[in-house]
Amino acid sequence: MPQRSIFSRLFKRKFIFSTLLPECFFITILMKTPAIQKLQLERRIISGAARDIASIELKLMLEAAKLGMTAFRNNHCDGALSVGAIITDAQYQIIATGYSREWDSLPDDPRPHAEGIAIAKALNKLGDNAPRLGDMRGSPMVVEPRKRTVLPEGCIIFTGIECCRRRTQSTSCAERALRAGISNFVVGMREPNTLVEQCGIEYLRAAGAKPTQRISPEIYAFVCAANPHITFPPFEQCII
């Protein structure tokens, strides 16, 4: 028995040195090749960039939630939501902000929501988008500027509560944002079922938009504080 045991151990060692170790050596060499190292670096960069984007979006969402508190403090309205909205370009530079009841009305909306106000501000800030034309002889032609109706590609809208899908007196915020060329939506929380059916995010997805949720306990606290008349689910149940 002892001899068999020694033989067995020797055989195992020989097997390891003859088969496993060369494979491990080959894998180690392979992992050090420039192509593999480049791939690993790219994965680390992508992972780091994703974390950076999430951090930036959380900060902007927190500011949108704070705008909801501004709406509540400045012009609270019983039974109405107090929401904040921020519009940025593709590089997360803020173009415009808005909050509930900041403006009394818009030309096409007697009671504009935060998203509608932010969109109107962004369109006004970026000005007209009329091309400059010339006559047949090449001399300049005076053209009446055409009001901008679509935002530049890549714009993002941040809202403390998802964009509404249905309104009785005007276009919904979800539809208004899509018409303005916005396809990237970052939301904090779902709209409570006590007001309307939760369907803003589903509508945006069906329209080909990309809604993303960014929520934290601090954001949740601001949204709840701005809307004390609403009973929101616990924080854990608000994560989509």
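Where a number appears in this text, it was derived from the coordinates with a stated rule and is not lab data. The structure displayed is predicted, hence computed values, not measured ones. Here the Cβ is made from the backbone with ideal geometry for all residues, glycine too, and neighbour counts use every protein chain on show.
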> Which of the listed residues, T97, G68, C224, is farthest toward the dipole's positive end in region 54-238, when Lys, Arg count +1 and Asp, Glu count -1 at the beta-carbon?
Replying inline: T97
>> At R0 = 30 Å, how high is the FRET efficiency between E153 and I240 if r is their beta carbon distance? Nearest 0.05 is fine.
In response: 0.70
> Starting at 0 and stepping by 10 Å, how many percent of the alpha carbon pairs of region 54-238 end up in each bin?
Replying inline: 10, 37, 34, 11, 5, 2, 1
> What GluC sites (Glu not before Pro) does region 167-235 have in DSSP loop regions with at most 15 other beta carbons within 10 Å?
Replying inline: E197
>> Using a 7 Å offset from the Cα along the Cα-to-Cβ direction at both E202 and F232, what is the distance between the two label points in nm, to one decimal?
In response: 2.2 nm
> Counting pairs of alpha carbon atoms under 8 Å apart in space and at least six apart in sequence, what relative contact order in percent does region 54-238 give?
Replying inline: 23 percent
> Given charges of +1 on the Cβ of Lys and Arg and -1 on the Cβ of Asp and Glu, with all other atoms neutral, how large is the dipole of region 54-238 about its Cα centre, in debye to the nearest 20?
Replying inline: 340 debye
>> Starting from 0.36 nm per residue, how many nanometres of slack lie between I94 and D108 once their C-alpha separation is accounted for?
In response: 2.6 nm
>> Given points 7 Å out from each Cα along the Cα-Cβ axis, report the R179 to L126 separation in nanometres with one decimal.
In response: 1.6 nm
